[in-house]
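Notes for the one structure printed next.
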Amino acid sequence: MTTTLDLLQQRHKANSLPLDEVRAEYFSHIKTEKRLRHLIRNGEVQLATFKNSDSRLAPLYVRLADLAAYLDARAEQAA
């Protein structure tokens with residue numbers, strides 16, 4: 001059986017994605033990255049993010065494993 005993580009890795013060919021790409025693909029109802037960051041910071045969206053550098057201007061990334069766990073949890077809640 002193929003897991004959500006396997007499907008994400010096959011589709012994106014990466015281990016992490018920029019937050020703006022995650023928003024566009026999986027949170028298209030949220031219009032801005034700033035709003036998604038706010039929801040993550042307040043715990044309304046349980047999704048871990050990280051930066052590749054210490055710069056405050058560095059973009060945020062999401063690990064595919066974390067995204068898969070989030071999507072699986074949301075699917076389980078809906079069932």
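Derivation of every value follows stated rules applied to the coordinates shown; laboratory data play no part. None of these values were measured; they are calculated from a predicted model. Note: ideal-geometry Cβ built from the backbone for every residue, glycine included; neighbour counts use all protein chains shown.
Mean residue ellipticity at 222 nm, helices only, the chain: -15500 deg cm²/dmol; runs of at least 4 DSSP H residues each add -39,500 (n - 2.57), and the sum is divided by the number of residues. Using only side-chain charges placed at the Cβ, +1 for Lys and Arg and -1 for Asp and Glu, the dipole size of the chain relative to its Cα centre rounds to 340 debye. Going by the alpha-carbon gyration tensor, a ≥ b ≥ c the square roots of its eigenvalues, is segment 27-69 rounded (a/c under 1.5) or, if a/c is not under 1.5, prolate (a/b greater than b/c) versus oblate? Taking the square roots of the gyration eigenvalues as a ≥ b ≥ c, segment 27-69 is oblate.
The stretch between Arg37 and Ala75 holds 11.5 nm of extra length on full extension. This uses 0.36 nm per residue minus the Cα-Cα distance. For the chain, trypsin sites (Lys or Arg not before Pro) meeting the loop criterion (DSSP other than H, G, I, E, B) and having at most 11 other Cβ atoms within 10 Å: Lys13, Lys31, Arg56. Oblate is the label for the chain, because the ratio a/c of its alpha-carbon gyration tensor axes (a ≥ b ≥ c) is 1.5 or higher and a/b is not greater than b/c. Mark the label point 7 Å from the Cα of Phe50 along Cα→Cβ and return the residues of segment 1-38 whose backbone N is within less than 16 Å of it. Once the point is set 7 Å along Cα→Cβ of Phe50, 14-19 turn out to lie under 16 Å by backbone N, inside segment 1-38.
Counting other Cβ atoms within 10 Å of each Cβ, which GluC sites (Glu not before Pro) in the chain have at most 12 and sit in a DSSP loop? When the GluC sites (Glu not before Pro) of the chain are filtered for loop state and at most 12 Cβ neighbours within 10 Å, Glu44 remain.
In summary, the lysines within cross-link reach of Lys13, defined as a Cα separation below 25 angstrom excluding same-chain residues under 8 places away, comprise Lys51.
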